[in-house]
1. Looking only at residues in segment 67-99 that are touching a residue at least 12 places away in the same chain (Cβ under 8 Å) and charged (D, E, K, R), which one is surrounded by the most Cβ atoms within 10 Å (Cβ to Cβ)?
2. Could you give me the residue pairs with C-beta distances under 6 Å whose first residue belongs to segment 225-239 and is on the phi > 0 side of the Ramachandran plot, whose second residue is surrounded by fewer than 18 Cβ atoms within 10 Å (Cβ to Cβ) and of a type in the set (A, V, I, L, M, F, W, C) wherever it lies, and which are 6+ apart or on separate chains?
3. Go through the residues of segment 193-200 one by one and say whether even a single one is of a type in the set (Lys, Arg), at pLDDT below 85 and surrounded by fewer than 18 Cβ atoms within 10 Å (Cβ to Cβ).
4. Is it the case, given these coordinates, that Gly14 is under 17 Å from the mean Cα position of the chain (by Cα) and either in a loop (DSSP other than H, G, I, E, B) or among the small types (Gly, Ala, Ser) (or both)?
5. Ser161: at pLDDT 95 or above and exposed (fewer than 14 other Cβ atoms within 10 Å of the Cβ), yes or no?
6. Scanning segment 17-56 for residues that are among the polar types (S, T, N, Q) and assigned to a loop (DSSP other than H, G, I, E, B), which turns out farthest from Ile110 (Cα to Cα)?
Amino acid sequence: MTNVFITGISRGLGLKLTEHYLCKGCRVIGVSRTMSVELETLIKKYPETLEWHQFDLGNLDNLEERLGEVLSLRNRKIDVFINNAAILYKELIHRIQPKEMAEMVKINTISPIIVTKMVINNFLRYRTRGSIVHISSICAHRSFYGLSMMGATKAAIETFSQDVAYEYGRFGIRSNTVVLGLLNIGMRSTVNDRLTKELESISALGQLIDTGSVVSTIDFLTTNESCSITGGKINIDAGVL
């Protein structure tokens, strides 16, 4: 059975990915800060293959030790890691509070790097030709009002993913990034109608991105069908050109 580790599974894309991999017959190990009604329903439906842990990735104190104990990463094999957890504060840089800046950097950048380190150690321990997928944002490539911090934190993860692909490719470990526009679920609730309409108007398809196409692309990147793809960035943004 394929073991898939996903962060941020309580809602939005993380929840959809969890449901997708469970339907495929995979075991999903997921973490999130909160529980949701939808996640609770999935846990009841898949009690044997969905393992959820309440965990705050923004608390960096002994993060590696604490997460290792919770997930037992030293005692079981992980095949796939999907870095999905992220937060967004939409604000101009001269107005954003240092506390909010620090929290975004911790959750969007530092924490995923630490977790990736743990996952790679697991891959190496079990000699797994594992796949890592980081969820990034169009904000890392195009400027939007009030989203400079989001762009900066995600740009850092994209560079990190590419370097991991270079360093660990010789072990058969792959790392890719999926660069998203505005989904029709999840973080859409954190942006205003003005930005939503702007993204729709500048996309070639004139729409928000479909969650199903994102899930299918991530699934492809975590199977042997994409065994020659690593260090890549796949844009799913309805054609923001």
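1. Narrowing segment 67-99 to residues touching a residue at least 12 places away in the same chain (Cβ under 8 Å): 67-68, 70-71, 73-74, 76-93, 96.
After this cut, where a residue has to be charged (D, E, K, R) as well, the list is 74, 76-77, 79, 90-91.
Values: Arg74: 11, Arg76: 12, Lys77: 15, Asp79: 19, Lys90: 16, Glu91: 16.
Looking at the filtered set, the residue picked out is Asp79.
2. Cβ pairs passing all conditions: Ala238/Leu205; Gly239/Ala204; Gly239/Leu205.
3. Filtering segment 193-200 for residues of a type in the set (Lys, Arg) gives 194, 197.
Among the residues that remain, those that are also at pLDDT below 85 are: 194, 197.
Checking which are surrounded by fewer than 18 Cβ atoms within 10 Å (Cβ to Cβ) leaves us with 194, 197.
Yes, the conditions are met somewhere in segment 193-200.
4. Values: under 17 Å from the mean Cα position of the chain (by Cα): yes; either in a loop (DSSP other than H, G, I, E, B) or among the small types (Gly, Ala, Ser) (or both): yes.
Judged against the criteria, Gly14 is a match.
5. Numbers: at pLDDT 95 or above: yes; exposed (fewer than 14 other Cβ atoms within 10 Å of the Cβ): no.
Judged against the criteria, Ser161 is not a match.
6. Of segment 17-56, the ones among the polar types (S, T, N, Q) are 18, 32, 34, 36, 41, 49, 54.
Those still in the list that are assigned to a loop (DSSP other than H, G, I, E, B) too: 34, 36, 49.
Numbers: Thr34: 20, Ser36: 25, Thr49: 29 Å.
Taking the candidates together, the pick is Thr49.
The values are calculated or read from the model by the stated rules, or taken from the named source; none is laboratory data. Please read all numbers here as calculations on a predicted model, not as lab measurements. Please note: Cβ atoms are built from the backbone with ideal geometry, for glycine as well, and neighbour counts cover all protein chains shown.
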